[in-house]
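Have a look at this one.
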Amino acid sequence: MGTYLNSGNQNFINSINSDIFVDKTSMIGYINKLINTNQRYISVSRPRRFGKTMAVDMLNAYYSAGSSRELFEDKKIASFEKWDVYLNRFDVIKVVMTRFIKDHISVEDSLEKLQKMVTREICKAYPDVDYYDKNDLIQTLDDVYAEEKKQFIIIIDEWDAVFRVRKDDKAGQERYLDFLRDWFKDKEYVALAYMTGILPIKKYGKHSALNMFFEYSMISPMQFAEFTGFTEDEVTDLCKKYNRDFEEIKKWYNGYEVNGLKDFNNDRDLCKYSIYSPLSVVNAITNGYIKNYWNDTETYEALAEYIRINKDGLKDTVALMMDGVKVKIDTSGYQNDMMTFTNKDDILTLLIHLGYLAYDDLKKEVFIPNNEVMDEFRVSTKSNEWLDTFENFKISQELLKATWACDENRVAQLIEDAHDKTDNKNYNNEVALSYTVQYAYYAAQKYYTTIQELDTGKGYADLAFLPAPQYADKPALIIELKYGKSALEAIDQIKQKNYVDRYYHYKGNIILIGINYDNTLSSKNKEYKRHSCIIEKN
């Protein structure tokens, strides 16, 4: 038994002996199907606190040469047919990358140290092999396989440490990815490779590399969905056993909804799991005290650092989510690091992987999952730089209520206020006016789908807000904009072109809104509003 080669069962024994142990050993049943197949390369990404290291210790205990039958024969894995087919059958190399990747040590030096430490143990285990270079890990494994036909299972915990510890070291990151590719790709000595970290595999041109790995992430956990965290059934059982309030536990630590598959080979039905943050549940049940345990392992600055990057109105989106809104995003452009952000969707995608946001893969929506994480957002948005964001959001909420109440003067005034807060201090056309009106109605995204220039069959309404299914009682809003004309002309156009005919299923619950901007009035005269509004119910 060594530090890196067949490092033993003690960590998994510690987990089993803990006051609260949730049996996730059925995951081994799935993984066993992948050994010595083209799918034997597994990359699992989860936030901190979601049990990644426990899974690593479990796999190490099961596969490592030695004796661990007594640890598993009364666990869920024992219900699988031929559950022990690979029990203690392999030499397992387990490496925790944070032991080697340091901010003050070059990646090259870190990899050199890793290779020396691991090859030293391999050479001790197989002293009769004729080694070409005992400092070269890849060559050493090749030599063992060539002479002994011995395969290895390689487990890497915190595989993404280089992207978190050395965020700016692009050359070092590329060198690291090259090393991993050479270590794993097309190597006969690899029976299984299992990597775990917070981030998915880095996309890097040709280095997006590691393309032999099958990825299971918070965005797409697939067959690993039920192992992402604690399931609702598991939390329910814990609450019954320890006499805890399940509903309160649910409010605070539930909310990570993941979609996945039940089985690797046979069952292709999608299954949705409600996932709980494991560490928080364990703490709450053990202590009997429900609170925010996130800040015991993270500081709020980690979240604040990203949400203050106000790309594409990210702060407004954060305000929406804190109001309970689920926001559509595109996760495909994210480069799987902590520095490269092209737009706000990239930042929101990172926050999914960090556990600050939950994601519905079917609806492509992101949202704040529970009270615990909401508490982190509240703390992270307390600084003065957020005052304008929340004030603007409050104005938007008031505008929506004034629209529902058909309060024309208040709507005109609130759009005026929104105009003063945008970059369009002076409009040149209706397009600029449309920008301000959309900005002013930002809070409407909680209740509506916003459509620009909606085809009515007889023309295009400038803006339409159509109620989301869960808010079917809300009125549909049809808005026509005019520049340098009159609000009455805007309302007349809606009527003359029969825009409402397209919305017959909303009949009796439609609000028509005509808005005009008078570019002849001086912005210095506070007694005049440059925006006028007429509202009618239909």
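Looking at the chain only, what percent of DSSP beta bridges run antiparallel? Nearest 5 please.
Antiparallel bridges make up about 50 percent of those DSSP assigns within the chain.
Got the relative contact order for the range 214-367 handy, in percent, Cα pairs under 8 Å and 6 or more residues apart?
Working: 207 pairs, mean separation 34.9, N = 154.
Computed value for the range 214-367: 23 percent relative contact order.
Oh, and also: Which of Met54, Trp83, Ser532 sits farthest toward the positive end of the charge dipole of the chain, with +1 on the Cβ of Lys and Arg and -1 on the Cβ of Asp and Glu?
Value computed over the given set: Ser532.
Provide the net charge surrounding Lys328, with neighbours chosen by a C-beta distance below 15 Å and charges set as Lys +1, Arg +1, Asp -1, Glu -1.
-3
Normalising by the residue count of the chain, find the relative contact order in percent from Cα pairs under 8 Å and 6+ residues apart.
This gives 11 percent for the chain.
Another one. In whole percent, what relative contact order does the range 300-387 give with Cα contacts below 8 Å and a gap of six or more residues? If you can, show how the numbers build up before the last one.
Numbers: 96 pairs, mean separation 28.8, N = 88.
Result for the range 300-387 is 33 percent.
Amide H of Phe214: which non-local residues (sequence gap of 5 or more, or other chain) have their own amide H closer than 5 Å, using H built in the peptide plane?
Residues meeting the criterion, in which the H sits 1.01 Å from N, are Tyr41, Ile42, Ser43.
Multiplying the sequence separation of Glu301 and Thr450 by 0.36 nm and subtracting their Cα-Cα distance, what value in nm do you get?
Separation in residues times 0.36 nm, less the Cα-Cα distance, equals 50.3 nm.
What FRET efficiency comes out for the pair Lys382/Lys291, r = Cβ-Cβ distance, R0 = 25 Å, nearest 0.05?
Computed FRET efficiency for Lys382 and Lys291: 0.90.
Another question, then. Multiply the residue gap between Glu81 and Asp233 by 0.36 nm, knock off their C-alpha separation, and tell me the result in nm, one decimal place.
Roughly 52.3 nm would be gained on extension.
Okay, moving on. What's the extension gain from Lys497 to Asn38 if we count 0.36 nm per residue and subtract their Cα-Cα distance?
My answer for the length gained is 159.1 nm.
What dipole magnitude, in Debye to the nearest 20, does the chain give about its Cα centre under +1 on Lys/Arg Cβ and -1 on Asp/Glu Cβ?
680 debye
Among Thr520, Ile122, Gln452, whose Cα projects farthest towards the positive end of the dipole of the chain, with charges put on the beta-carbon of Lys, Arg (+1) and Asp, Glu (-1)?
The one lying farthest along the dipole's positive direction is Thr520.
Considering every Cα-Cα pair within the range 83-144, what fraction, in whole percent, is farther apart than 16 Å?
Taking all Cα-Cα pairs of the range 83-144, the fraction more than 16 Å apart is 52 percent.
Could you calculate the FRET efficiency of Ile138 with Tyr471 from 1/(1 + (r/R0)^6), where r is the beta carbon distance between them and R0 is 56 Å, rounded to 0.05? Spell out each step's value before the answer.
Details: r = 58 Å, r/R0 = 1.04.
Given R0 = 56 Å and the Cβ-Cβ separation, E is 0.45.
Two decimals is fine: what's Rg over Rh for the range 10-216, C-alpha atoms, Kirkwood radius as Rh?
0.96
If R₀ is 41 angstrom, what is the calculated FRET efficiency for the pair Lys507 and Thr98, using the beta carbon separation as r and rounding to 0.05?
0.10
At 24 angstrom or more along the helix axis (alpha-carbon based) and mean Kyte-Doolittle of -0.5 or higher, what helices does the chain contain? Whole DSSP H runs only.
Helices meeting the criterion: 107-125, 387-404.
Just how large is the dipole of the range 10-216 about the Cα centre, in debye to the nearest 20, putting +1 at every Lys and Arg Cβ and -1 at every Asp and Glu Cβ?
Computed charge dipole of the range 10-216: roughly 780 debye.
Evaluate the chain: find the radius of gyration of its Cα atoms, find its Kirkwood radius, and give the ratio Rg to Rh.
Looking at the chain, the ratio lands at 1.08.
Every read-out reported here was derived from the displayed coordinates using simple, explicitly stated rules and does not represent laboratory data. This structure is a prediction, so every number in the text was calculated from the model and none was measured. Reconstructed Cβ throughout: ideal geometry from the backbone, glycine too, with neighbour counts over all protein chains shown.
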